[in-house]
Amino acid sequence: MQKFQFFNLPRPIQERFIESTRGNGAPKPLLYQAPAQNLWALALAFTGGFLFALCAVLARIGFGNLNHRWALHPPLAILAYSGLLCAAGATLVGAVRNWNQKSNVPFRRGLYIFPVGVINAPSATLELHPLQELVELSTRGTRLRTRFLDGACFEFRRVDPQRAGKIKVRLLDAQQQLNASTSERSSRDQALLDPLFDTGYKNPFSPHESMLPAATLWNKHWFLLALVIGAAAGLGLWKLRNLRSADYLYIHARAIDTPSAYRAYLARGGVKSDVRELLLPKAELREAQAAGTVEAIERYLDSHPHSKITSDIEAALRVSLLRELDQASKAGTLSALHGFRKDDRHLSLIKPELDAAQKELYRAALTRFQSLSKNSPELDAFFEKLLGYAELHGPTVEIRFRRRIPPSLQKADAQVQKSPYCDNPSVPPAQYFDDEHVAKREATVATAIGERFLDTFPKDILSFQLAPALPDDGTPVPTLTSPTLLITHRTELSAPFTSRKPKGVFVGVGLVFKALLLIPGEPTARTFETSTWSPPNLKKLEAENWGPAELYEFMARDAFSQFLKRYLASIFRAQK
């Protein structure tokens, strides 16, 4: 192993080594690893910061506190301040010096593999371990390990295995060149192997003197300087702290603004009339507010009927009511707002906010609907009107059905009964589309619509509920007194056709739906129309061993299900 002091090397060698470590000159490093962190310097810096923080904590003790015996620190505290600041300054200066000793070099510090060997350059002291002394060169995973005759070991981490193999081959070739006699190597060959080799070339434009370490501020008398500055700073900090604390004693009596602070002030001979007449009553009022209940402030108001701060008491009562209103609003339900302090005699103090909170619930409900619904200005505008009506009249939206029975039902029944395949009373289809059967299908659809809207609107904002079916009076839109989703449907049966397997006579089923969402007093309704057609599924009939009742129930429910999906899809975006 050979050791070099970088700043003792000739200028040309210094410049060659700098360029080589930067990868700008020959030889370029085969491998580089950054040096380890300077843990000692970091530890000193952390210790210095901790001592400064400790000094700040000491200064904070009793600062501006009327009830603390150390509101003003005694002169002996100068020793504590100065001691802490001296120690903090010394450790921080020591950290800077230690860091500069390592990093105050013009080349890139670290561990290098050059064709000449391993160069350890963590500081200005360079260690060259030549390849002639290499006894081990091995790889393990992403690590490359070298060991030399003097026992020095170096390990390079995170080395690509393919690159490590190439480096091993390159080093073995370089080792053979270095083991050859010096007469067989030219100066150029040696310069291509060794960044510290003196080629004899001198740059005519470069200074002839060797580079020197950069001068630092802490080379001389650093410890004495830290002590002097720390002692002076300790005295100044003690004096400044006491001056500011004295200013804050009165300010803190006002800033603390508690009954105990004002009582302490009066007990010490305070003569200001505003403390007794205004500040102390206001502080007591705040104690009532701190209880967090409207009742506590109302009790204070009842016990101070002739107070000079009546306006403040009403303001505090208003704040407390608003706080409770905020909690009620967080429930996100209209019921919570309607039940909020229904009989409180002071509720008029927050009536505008109560009305605004209610409007905010409706606004939030509309915003949520807009985020889930189709991107349609007309749809959004309609539901905005519906919510406006609900805000005034209540949340209920009735779901009503109208059943239109066309002649095709009886006609299809008559044709089926004439068929020789109609061998029992369960075959005619019209019986499966009477009110009893249809009401169950309508209830299923109404429940699904109500649940889908319940996912969007709180039930006390907007609630879709099934109401009794309406008779078909033949009018396009009947007279209604509440918001209503009116669903009119007409069942059409096809001409019958027969089947040998499975044996029977069957009809196709078609349903025509028209849904109107109506708001009383609003001339425009939201209209949706669709229709379905289903031939009898004879394969499923045979596979499931169904009779006519099961077949027509399946066909009818499928039609109602298609209507439900299409209607909801016309309002809401597809759910992910």
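Each label point was placed 7 Å from the Cα along the Cα-to-Cβ direction; for Lys540 and Cys153 their separation is 7.6 nm. Dipole magnitude for the chain: computed about the Cα centre from +1 point charges on Lys and Arg Cβ and -1 point charges on Asp and Glu Cβ, it is near 1980 debye.
Separation of segment 101-136 and segment 137-155, taken as the distance between their Cα centroids, equals 14 angstrom.
Applied to segment 439-446, the Karplus parametrisation 6.51 cos²θ - 1.76 cosθ + 1.60 on θ = phi - 60° returns per-residue 3J(HN,Hα) values of 4, 5, 5, 4, 4, 4, 5, 4 Hz, with x for Gly and Pro.
Calculated on C-alpha atoms, the gyration radius of the chain divided by its Kirkwood radius gives an Rg/Rh of 1.29. Among the trypsin sites (Lys or Arg not before Pro) in segment 1-60, those located in a DSSP loop and surrounded by at most 16 other Cβ atoms within 10 Å of their own Cβ are Arg22. Put +1 on the Cβ of each Lys and Arg and -1 on the Cβ of each Asp and Glu in segment 396-569; which of Leu470, Ala559, Ile405 then has its Cα farthest toward the positive end of the dipole? After comparing all options, I get Ala559. Taking all C-alpha pairs of segment 396-569, those more than 22 Å from each other amount to 48 percent. In percent, rounded to a whole number, the relative contact order of segment 396-569 is 27, using alpha-carbon pairs under 8 Å and six or more apart.
For segment 128-144, backbone phi angles converted through the Karplus equation (6.51, -1.76, 1.60; θ = phi - 60°) give residue-by-residue couplings of 9, 10, x, 5, 4, 9, 6, 10, 8, 9, 9, 10, 8, x, 9, 10, 10 Hz, Gly and Pro being listed as x. Pull up the cross-link candidates among the lysines for Lys374, meaning alpha carbon to alpha carbon under 26 Å and not fewer than 8 places away within one chain. Those lysines meeting the cut-off are Lys359, Lys385, Lys459, Lys514, Lys565, Lys576. For segment 356-371, 3J(HN,Hα) computed residue by residue from phi via the Karplus equation (6.51, -1.76, 1.60; θ = phi - 60°) reads 5, 5, 5, 5, 5, 4, 5, 5, 5, 5, 5, 4, 5, 4, 4, 6 Hz, glycine and proline entered as x. For the chain, the relative contact order is 11 percent, taking Cα pairs closer than 8 Å that sit 6 or more residues apart in sequence and dividing their mean separation by the residue count. Taking amide H as placed 1.01 Å from N in the peptide plane, Ser210 has its amide H under 5 Å from the amide H of Arg11, each at least 5 places away in sequence or on another chain.
Label positions at Asp423 and Arg143, each projected 7 Å from the Cα along the C-beta direction, are separated by 8.8 nm.
The alpha-carbon of Lys540 sits under 22 angstrom from the alpha-carbons of these lysines, leaving out residues fewer than 8 places away in its chain: Lys501, Lys503. The label point for Thr524 and the one for Ala53, both projected 7 Å from the Cα toward the Cβ, are 6.5 nm apart. DSSP finds beta bridges in the chain, and of those with both partners inside it, around 80 percent are antiparallel. The trypsin sites (Lys or Arg not before Pro) of segment 292-328 that DSSP puts in a loop, and whose beta carbon has at most 15 other beta carbons within 10 Å, are Lys308.
Computed about the Cα centre, the dipole magnitude for segment 396-569 is approximately 520 debye when only Lys and Arg (+1) and Asp and Glu (-1) carry charge, each at its Cβ.
No lab work stands behind these numbers, since they all come straight from the coordinates. What you are looking at is a predicted structure, and each value in this text was computed from that prediction instead of being measured. Here the Cβ is made from the backbone with ideal geometry for all residues, glycine too, and neighbour counts use every protein chain on show.
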